[in-house]
Each structure stands twice: as C-alpha cells, then as structure tokens.
Amino acid sequence: MTTSARAAAVSPDALRETFSHFPQGVALIGAEVDGTPLGLVASTVTAGVSLDPPLISVAVQTSSSTWPLLRSAPALGVSLLGTHQSLLARQLASTDRASRFAGIDPEVTADGALTIPGSPAYLWTRIYNEVEAGDHTVALLEILDTSSRADSGAEPETEALVFHRSEFKGMRVS
C-alpha cells in the first residue's frame, strides 16, 4: 500500500478540474412564473435518488437568481436534453435571462411546469425538500409524471447530452 500526503484544503479550481472527469447529464429545470418562462440548465441532476417516493436531486448555486423564482412555482418541468440541443443548452444557460427563451416555444402545463419540445425525456416534478450544502442548495424533486420519445412512438434519441471536461458532448447509449 502506498501512503500519500494530502493538502489541508482543496481549491475550487482543483475540484472543478477533478469533477470534470466525471460526465454528467444535462437538464433544463423550468417553470412559467407570472407568465414568464424561467429555467436553469443543470448538470448536477441525480436520477434515482429514491423510488418510493420517486425523487431526483439537483444542486443549484446559492448565487443563482433564477432558483428563488423557480422554487416558488407549484410544479417544475425537467427536460433531459439530447446532443441535438447543445446550442439550445448554451442559450438557456445564458446570463441574459431575458433572451434565454428567444425563439423557443416551451410546453407549459396547467400548474406551470415548463419543458422544451424535442427533448429525449421529461419529468414533471415538485419540490419535496431542500438542503443547504455549502455554496449550493440541493433540491429533492418529487417526480409526478414522466415521458420519453419512446413513449410517444417517436424514434428515441440515443445521444444524451453530457457535460464532460468543461464541454457539452454526446454519450451514446448502447
């Protein structure tokens, strides 16, 4: 066994570089609030947190100005994005909130959950719980319903959009 010395504190840059080796799926968490479409792009979604009740999690930076507005919505849509939506993901992640949905016609449920048409899969959720975790809030979202392209009879999108090594990439599911 090899023993190695470790630094007393890990820098945020070192953490970002290390975490970049772990590909993560990309999703849009969205809702319509007071008639305005809102959304945030997240690569920190964890699927299958719990099956009973059905839960996913998402970690959101405490500095987010969008999350406080989204969390007030009665329901949240989660669009699991595909590689064909990589440019759209960049647009939706823009710091210019006013132009995020320019040219996009999102689907909105009666309770305000917003999803992006053409995504490979969707979840309709509501906030189950939130936990403060350092510079992030971990939100547990209860899944109320799901749908995928395969459910609708459409050709399923086999390329999931992932964030890996600080870039959007495709991940072929075999």
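The table that follows gives values for the structure above.
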| item | result |
| --- | --- |
| Relative contact order %, the range 1-147, counting alpha carbon pairs below 8 Å whose residues are six or more apart | 25 |
| Using distinct alpha-carbon pairs, which all enter the 1/r mean, Kirkwood radius of the range 49-136 in Å | 14.5 |
| Label-point gap, in nm, between A14 and H84 - each point 7 angstrom along Cα→Cβ | 4.4 |
| Vicinal HN-Hα couplings computed from phi for the range 70-80 (Karplus, 6.51 cos²θ - 1.76 cosθ + 1.60; Hz; Gly/Pro x) | 5, 5, 7, 6, x, 8, 10, x, 10, 9, 7 |
| Listed residues E132, E159, E142, most fluctuating in the chain (Gaussian network, C-alpha, under 10 Å) | E132 |
| About the Cα centre, charge dipole magnitude for the chain (Lys/Arg +1, Asp/Glu -1 at Cβ), debye | 540 |
| Calculated diffusion of the chain, Stokes-Einstein form, Kirkwood radius summed over Cα pairs, 10 °C and 1.306 mPa s, µm²/s | 93 |
| Two-site FRET efficiency, A93 against T2, from Cβ-Cβ distance with R₀ of 41 Å, rounded to 0.05 | 0.50 |
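We did not get these values from a lab; they are worked out from the coordinates using the rules stated. None of the values given here were measured: they were computed from a predicted structure. Methodologically, a virtual Cβ is constructed for each residue, glycine included, from the backbone with ideal geometry; neighbour enumeration extends over all protein chains shown.
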